[in-house]
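The values are calculated or read from the model by the stated rules, or taken from the named source; none is laboratory data. Owing to the predicted nature of the structure, the values given are computational and were not obtained by experimental measurement. When we count neighbours, we look across all protein chains shown, and the Cβ atoms used for this are built from the backbone with ideal geometry, even at glycine.
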There are 2 protein chains.
Amino acid sequence: MDIKTLCLGLLSLNEACGYDLKKKFESLFKHFFAAGYGSIYPALADLAEAGLVDCREVPQNGRPARKVYSITESGRKHFQDALNSANPTHKLRSDFLVMMYFADQLDNDRLQLLLNSRVSAFGGVTAHIKNITDSWPSDSPAGARFVAGFGEAMAKAATQYIEENRHILKGHSQDQAKGQPRIRHTDLSQANHQPAATIEERV
Amino acid sequence: MDIKTLCLGLLSLNEACGYDLKKKFESLFKHFFAAGYGSIYPALADLAEAGLVDCREVPQNGRPARKVYSITESGRKHFQDALNSANPTHKLRSDFLVMMYFADQLDNDRLQLLLNSRVSAFGGVTAHIKNITDSWPSDSPAGARFVAGFGEAMAKAATQYIEENRHILKGHSQDQAKGQPRIRHTDLSQANHQPAATIEERV
DNA sequence: AAGAGCATGTAACCTGTTACATGATTAT
DNA sequence: ATAATCATGTAACAGGTTACATGCTCTT
């Protein structure tokens with residue numbers, strides 16, 4: 001799902017200007033979808049050009065006019081179609097896990113720092129979600145509560161996993177020689193998939 | 001962290017050709033980092049050009065020669081630097097959660113299907129991880145075990161969250177009128193941030 | 001006085017994805 | 001026979017990020 005569609009979705013709930021949408025992205029969707037002005041404004045322009053939204057300009061004193069976008073019937077239909085199309089994705093991209101994979105090439109101070117800041121980042125997610133949900137009325141939409149709860153649950157599980165398993169990771173101590181790996185790795189891909197021509201895969 | 005760096009990291013453990021790296025991405029990193037041939041081959045070419053890896057061609061019968069890449073000292077240093085640079089990211093991008101946010105615009109059959117296939121996708125992740133880790137020796141690197149365990153923990157937590165909370169989501173039944181939202185949403189962003197010029201934000 | 005917030009956007013860039021192109025060998 | 005595996009890559013495209021450009025008002 002691209003940002004255009006997501007903007008359209010938000011506009012199916014309330015009319016808004018680009019600035020408003022950015023704030024919604026940063027409150028509601030922060031833990032699973034990112035978007036900056038550089039994507040939102042062009043997206044709104046495209047939506048308007050395609051007739052999926054209408055734009056009404058509200059002049060203001062001393063600021064650029066608010067361009068308030070509201071969804072059209074055509075836009076609503078378009079969004080319904082998007083909701084009914086194929087298998088939605090759910091993708092994690094984590095440099096943190098990459099680094100943890102290479103933990104034994106990290107020195108121990110750095111490793112502990114990375115683990116601590118990841119835990120604290122998850123704490124930030126939890127705090128952020130709590131912060132936004134606290135102001136919600138009790139009849140707030142189920143979908144919103146579900147995705148907020150999902151974020152909390154993930155942050156909690158991740159934190160717990162890290163705290164319970166960080167002890168298995170040991171970076172090397174800083175005073176040892178650098179630049180040389182001291183541990184020979186087992187090849188973790190499937191055993192013996194290498195043609196005979198390839199030599200010296202290690203144990 | 002870009003794919004180039006990650007390839008370099010894998011090459012810091014074992015020499016490999018592009019095809020091998022792809023397989024490693026798909027076994028070890030599948031749950032948190034994706035990469036296709038279209039990124040890997042150009043990445044390897046760039047690394048070689050930058051002198052961070054050496055390339056040795058191993059001719060084969062009836063196939064293109066294997067281009068086996070091995071890391072250089074310069075490459076190893078470069079990778080260490082990457083591991084020691086700033087705050088690694090950890091980003092989720094989920095169309096699934098987007099759709100759940102808009103659950104009440106989904107019809108109920110579709111909603112249940114989405115939830116079921118997401119649960120089953122997480123089951124697939126768990127199976128995949130179990131599958132690869134089962135073949136690992138008991139002294140396999142701690143980093144590899146940590147990231148595999150992380151993936152399992154997340155899949156488990158996500159599945160549990162979905163099963164325990166799916167009941168709060170109700171799509172509309174299919175025989176009702178389509179294209180019109182029947183529920184007026186409360187604006188979930190901060191209360192009263194709208195300038196007076198903006199009208200008719202709802203309760 | 002300084003900084004945050006409101007409000008718009010563009011343009012160049014970076015990065016990765018998808019589809020294409022080729023073709024023998026091995027397992028089912 | 002058919003499909004999967006091995007093995008290389010390119011080229012066009014899509015999509016999002018970052019930096020830039022502007023400027024008033026309200027809060028601290």
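Things worth noting here:
- Members of region B:123-147 that are without any contact (Cβ under 8 Å) to a residue 40 or more places away in the chain and either among the aliphatic types (A, V, I, L, M) or within 10 Å of chain A (Cβ to nearest Cβ) (or both): B:A127, B:T133, B:S135, B:W136, B:P137, B:D139, B:S140, B:P141, B:A142, B:G143, B:R145, B:F146
- Pick from region B:18-40, criterion surrounded by fewer than 17 Cβ atoms within 10 Å (Cβ to Cβ) and more than 24 Å from B:E152 (Cβ to Cβ), ranking: farthest from DNA strand D (Cβ to nearest atom): B:G36
- Check on A:S27, more than 26 Å from B:Q112 (Cα to Cα), within 12 Å of DNA strand C (Cβ to nearest atom) and among the small types (G, A, S): yes
- Pairs meeting the criteria (first residue in region B:60-73 and more than 14 Å from B:Y41 (Cβ to Cβ), second residue among the charged types (D, E, K, R) and within 7 Å of DNA strand D (Cβ to nearest atom), beta carbons under 7 Å, at least 6 apart or on different chains) are B:Q60/B:R66.
- When every residue of region B:65-78 is checked against the conditions, at least one turns out to be outside any strand (DSSP E or B) and either within 14 Å of DNA strand D (Cβ to nearest atom) or assigned by TED's automatic domain parsing to the domain that holds B:K130 (or both).
- Helices (runs of 4 or more DSSP H) wholly inside region B:1-52 that include at least 1 residues being away from chain A (no Cβ under 14 Å) and among the polar types (S, T, N, Q): none
- Set A:R93, A:R56, A:R118: member being more than 10 Å from chain B (Cβ to nearest Cβ), in contact with a Phe, Trp or Tyr (Cβ under 9 Å, 6 or more places away or on another chain) and not in a loop (DSSP other than H, G, I, E, B): A:R56
- Taken together, the residues in region B:113-157 that are surrounded by fewer than 14 Cβ atoms within 10 Å (Cβ to Cβ) and either basic (K, R) or assigned by TED's automatic domain parsing to the domain that holds B:K30 (or both) amount to 1.
- Residues of region B:79-90 that turn out to be more than 7 Å from chain A (Cβ to nearest Cβ) and either of a type in the set (S, T, N, Q) or in a helix (DSSP H, G or I) (or both), as a count: 4
- Given (1) within 12 Å of another protein chain (Cβ to nearest Cβ); (2) part of a helix (DSSP H, G or I); (3) under 30 Å from A:S117 (Cα atoms), index of the condition B:M99 fails: (3)
- Residue within region B:42-56 that is crowded, with 20+ Cβ neighbours inside 10 Å and within 18 Å of A:L97 (Cβ to Cβ) present: no
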